[in-house]
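Computed from the coordinates by the stated procedures, all read-outs in this text should not be read as laboratory data. Since the structure is predicted, the reported quantities are computational estimates derived from the model, not experimental observations. In this analysis, Cβ positions are derived from the backbone assuming ideal geometry, glycine residues included, and neighbour counts consider all displayed protein chains.
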Ligand code: ACO
């Protein structure tokens, strides 16, 4: 047995997967073999969600059935809504989401944790309900009553409706769909691996998703999209970008939204998201947004010049969500609304050929010693 230590499991291949491939050398990402930039250019979010669960894109009939099933399951029961409304307003929205998934798991009486069809049904139900939960929390933090889902609207349109009571222009809705497509799946990242570890013990899908939400919350992972916006707010003045960065680097601070464990020459998803963001800023950016976009560009150029480090997807997504009107603490929960597809596809894949995930640790504590006599 090898005693080599791979801290952070960097570079370690732990299993096979047919869901997506990240090829860092060519900066490419495919879902079921399809390049993500082609999916983002030509397919709806619902089609990509279907692809991740079924391994192929839907035909017209399959898509119609999928859409109907999603639209029919968006509602949250009254007890659930009341439970979430009672959580302290001081808690992070990711805590609300984690509690919501736990609640939905407790409400599900089934004991078919290893059945792929049952797990698909649970995944689709969570996919449909998470926007309702996120929007409910967005509104309560603004002192507003929740709105009811509208089955006449697409997934993305309905989410805007649930948050703001209105659907924005089609190009804004499409930019939101692009964030959903890009965030959906990324191989054995920290939160997906968490879901697979939990599944490997033959625990249930809700537990796997609850754990994955906890892993995604951290600022080194999904929490970075919120941290990016906080950082841009902290710098505030575009003229201060370089000076702020030099100081932050001198203090050994992590610059949020930059760097990646797998991609070292740029994140494959950034060019697509950057194009969507540029379009949003030019079509909908007011003076305040254009000022923040100036700061954003200066910081990105300075980071590349100083450290040679490229932005990751959280960098452009953060500004895009801000421009769309979402409050910063909602950014990571929105990421969950997308990544629920990848997580649950991995739960099914893990169960299909399960092996308990149980690594070793190299012990560095005191040498074995006798227990002293008690006092
Ligand atoms: N800011 C400053 N320095 C950085 C950053 C950063 N964002 N990212 C990497 N570095 C530097 C490190 O300081 C280190 O330098 P050193 O060798 O001189 O000490 C070097 O680059 C390598 O960094 P590691 O931490 O070893 O790289 P790792 O692969 O472990 O880190 C991580 C990846 C955690 C994402 C890191 O880049 C980071 O902290 N980024 C900021 C948080 C972030 O944006 N997370 C989102 C990830 S993408 C996603 O979840 C969608």
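In the chain, helical runs assigned H by DSSP with n ≥ 4 each contribute -39500 (n - 2.57); averaged across all residues and rounded to the nearest 500, the mean residue ellipticity at 222 nm is -18500 deg cm²/dmol. Decide, for the chain, between rounded, prolate and oblate: order the square roots of the alpha carbon gyration tensor eigenvalues as a ≥ b ≥ c, take rounded if a/c falls under 1.5, and otherwise choose prolate if a/b is larger than b/c, else oblate. Judged from the Cα gyration tensor, the chain comes out rounded (a/c under 1.5). Highest average first, the peptides 294-304, 338-348, 248-258 ordered by how many other beta carbon atoms sit within 10 Å of their residues are 338-348, 294-304, 248-258. Whole-percent P(r), the range 263-375, all Cα pairs, 5 Å bins from 0: 2, 8, 13, 14, 13, 10, 8, 7, 7, 6, 5, 3, 2, 1, 1, 0. Taking a ≥ b ≥ c as the square roots of the eigenvalues of the Cα gyration tensor, an a/c ratio of 1.5 or more together with a/b no larger than b/c marks the range 224-324 as oblate.
On full extension, the segment bounded by residue 110 and residue 246 gains 43.5 nm, given 0.36 nm per residue less the C-alpha separation. Taking 364, 328, 210 in turn, the Gaussian network model of the chain (Cα-Cα springs below 10 Å) assigns the largest fluctuation to 364. Spin-label model, residue 42/residue 166: points 7 Å from Cα along the beta carbon direction are separated by 3.5 nm. Taking 8 Å as the Cα distance limit and 6 or more residues as the minimum spacing, I'd like the relative contact order of the range 224-324 as a percentage. Relative contact order here is 46 percent. Looking only at 33, 105, 266, which one moves most when the chain is put into a Gaussian network model with springs between Cα atoms under 10 Å? Among 33, 105, 266, the largest mean-square fluctuation in the Gaussian network model of the chain belongs to 33. Of all the options 312, 225, 189, the one that moves most in a Gaussian network model of the chain with Cα springs shorter than 10 angstrom is 189.
Using a Förster radius of 35 Å, what is the FRET efficiency between residue 264 and residue 141 based on their Cβ-Cβ separation? Nearest 0.05, please.
The computed FRET efficiency comes out at 0.40.
Here the gap between residue 56 and residue 26, fully extended at 0.36 nm per residue and compared with their Cα-Cα distance, gives a gain of 8.5 nm.
Which whole-number percentage describes the relative contact order of the chain, with Cα contacts under 8 Å and a sequence gap of 6 or more? Show your work: numbers first, answer last.
Details: 478 pairs, mean separation 86.3, N = 375.
About 23 percent, as a whole number.
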